[in-house]
Amino acid sequence: MFRTIFVIGFLSLILVFGQDIVTDSPEKQQEMHAFFKTIRGQCADENLIPYANVLQFNTTGALPDENDKTSMCYFHCFFEKAGLMDNYKLNADLVRKYVWPATGDSIEVCENEGKDVTNSCGRGFAIIKCVVLRALTDARNNPVV
């Protein structure tokens, strides 16, 4: 139940507008949400973090403890295994469809976050934090799919 709320909460930020975003069919969207749910469970099994951390991050873009590597690794795991990010490069198509519309140079800006961080989870988390903060800011007053 709690994991379902996370998927619904985080991925309900799905915004589809703009000329370059081709929406998936409802069947494909349902398939992707099921896939994300599976990946979320795998990452939760690998990185045991309090669900409160997930909720706080998804609603504020911040962790209770900004040095919490386990939580950073959870989010890095999710973005990597879900195909939203590969080797610190965001999958612009998936991010635009399932996280936020990412207009302008947003993808490039977020990919440049954390380049000075040597820990892989920390670097990935810096990118993800940028994505989530932009989604929370940009998507706040826009309708969701």
Checklist entry - Taking interchain pairs and intrachain pairs at least six residues apart, which have beta carbon atoms under 9 angstrom, with the first residue in segment 31-59 and among the hydroxyl-bearing types (Ser, Thr, Tyr) and surrounded by fewer than 18 Cβ atoms within 10 Å (Cβ to Cβ) and the second modelled with pLDDT under 90 and assigned to a helix (DSSP H, G or I)? => result TYR51/PHE2; TYR51/ARG3; TYR51/ILE5; TYR51/PHE6; THR59/GLY9; THR59/LEU136
Checklist entry - With respect to the numbered conditions (1) assigned to a helix (DSSP H, G or I); (2) at pLDDT below 95; (3) among the acidic types (Asp, Glu), which one is the sole condition not fulfilled by GLU80? => result (2)
Checklist entry - Is it the case that LYS69 is within 12 Å of the chain's Cα centre (by Cα) and either surrounded by fewer than 17 Cβ atoms within 10 Å (Cβ to Cβ) or more than 20 Å from ARG134 (Cα to Cα) (or both)? => result no
Next on the checklist: Return the residues of segment 52-82 that are out of contact with any helix residue (DSSP H, G or I) (no Cβ under 6 Å at 6 or more places or on another chain), closer than 24 Å to GLN30 by Cα and polar (S, T, N, Q); say none if nothing qualifies.
Outcome noted: THR59
Checklist entry - Which of the residues belonging to segment 83-100 are touching a helix residue (DSSP H, G or I) at 6+ places or on another chain (Cβ under 7 Å), touching a residue at least 12 places away in the same chain (Cβ under 8 Å) and either in a helix (DSSP H, G or I) or not aromatic (Phe, Trp, Tyr) (or both)? => result LEU84, MET85, LYS89, LEU90, ALA92, VAL95, TYR98, VAL99
Checklist entry - Does ASN91 fit the bill of being of a type in the set (S, T, N, Q), closer than 23 Å to GLU31 by Cβ and modelled with pLDDT of 85 or more? => result yes
Checklist entry - What about GLY122, is it touching a residue at least 24 places away in the same chain (Cβ under 8 Å), surrounded by fewer than 23 Cβ atoms within 10 Å (Cβ to Cβ) and over 17 Å from ALA82 (Cα atoms)? => result yes
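The values are calculated or read from the model by the stated rules, or taken from the named source; none is laboratory data. Predicted model only: the values in this text are computed from it and were never measured. Cβ sites come from the backbone with ideal geometry, for glycine too, and all protein chains shown count toward neighbours.
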